[in-house]
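The values are calculated or read from the model by the stated rules, or taken from the named source; none is laboratory data. Since the structure is predicted, the reported quantities are computational estimates derived from the model, not experimental observations. Please note: Cβ atoms are built from the backbone with ideal geometry, for glycine as well, and neighbour counts cover all protein chains shown. Calculation scope for accessible area: heavy atoms of the full protein, side chains included, ligands and nucleic acids excluded. Shrake-Rupley method; radii C 1.70, N 1.55, O 1.52, S 1.80 Å.
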Amino acid sequence: MIAAIVLLVVCGIGYAWYMQQKASGRVGQRAYDVLLHQMLSHSVPEVSVAELASANSNNILLDSRSEEEYKVSHLPGAIWIGDKSEMQVEKLKVLSKDHAYVVYCSIGVRSEQAAARMKEAGYDVSNLYGGVFEWSNQVKPLVDDKGAPTKAVHGYNKLWAKWIRNGEVVLP
């Protein structure tokens, strides 16, 4: 019995080490990076907060969170397309395929799904790795539904809000 427990502990430590080695280091918190690496399918190109913030590009930002989340705060200039339950194909049809897009959500899971649908439809699209949480953590600007600067970040729920290290967490 003790041997089995020791084996489980050793395997668990080995797996944790392996996942840490695979983590990208594109977010400020190592544990958050490991979590993101595990949760995302990496099926679409990813862009880090630093890459997006320093880019001299014409990327169009698309927010794939709920309308409630978007109204609390979003990246300046972002267009709300809704989360997977709200996003309609019609919303995407008005987007030109001549532009590059970066989709984001709270941490990157919902936006990855939206970006995958867009990619399949022929759009040039990337997913913001770490989402609006990491954007806020790296002290990048956010605006509210009136376009005014804000530090508020919709935390999605208590479980996920713990990854917001910089910003004023707003919970539903």
Kindly indicate which of Lys91, Lys140 is in contact (Cβ under 8 Å) with a residue 40 or more places away in the chain and either open to solvent by 50 Å² or more (accessible area, probe 1.4 Å) or touching a Cys at 6+ places or on another chain (Cβ under 7 Å) (or both).
-> Lys140
Would you point out which residue out of Ser96, Ser73, Ser41 is of a type in the set (Ser, Thr, Tyr) and open to solvent by 60 Å² or more (accessible area, probe 1.4 Å)?
-> Ser41
Residues of the range 49-65 being open to solvent by 10 Å² or more (accessible area, probe 1.4 Å), of a type in the set (Ser, Thr, Tyr) and part of a loop (DSSP other than H, G, I, E, B), which ones?
-> Ser57
Output the helices (runs of 4 or more DSSP H) that fall wholly within the range 78-172 and possess 1 or more residues being more than 23 Å from Ser54 (Cβ to Cβ), or say none.
-> 89-93, 109-120, 158-161
Only one of these conditions is not met by Glu86: (1) modelled with pLDDT of 95 or more; (2) surrounded by fewer than 20 Cβ atoms within 10 Å (Cβ to Cβ). Which number is it?
-> (1)
Give the number of residues within the range 143-171 that are of a type in the set (Asp, Glu) and either open to solvent by less than 60 Å² (accessible area, probe 1.4 Å) or within 16 Å of Ser66 (Cβ to Cβ) (or both).
-> 2
Which of (1) of a type in the set (D, E, K, R); (2) touching a strand residue (DSSP E or B) at 6+ places or on another chain (Cβ under 8 Å); (3) closer than 16 Å to Gly77 by Cα is the odd one out, the single condition Lys146 does not satisfy?
-> (2)
Hey, Glu120 modelled with pLDDT under 95 and surrounded by fewer than 13 Cβ atoms within 10 Å (Cβ to Cβ) or not | yes
Quick check, is Glu68 open to solvent by less than 70 Å² (accessible area, probe 1.4 Å), part of a helix (DSSP H, G or I) and of a type outside the set (A, V, I, L, M, F, W, C)?
-> no
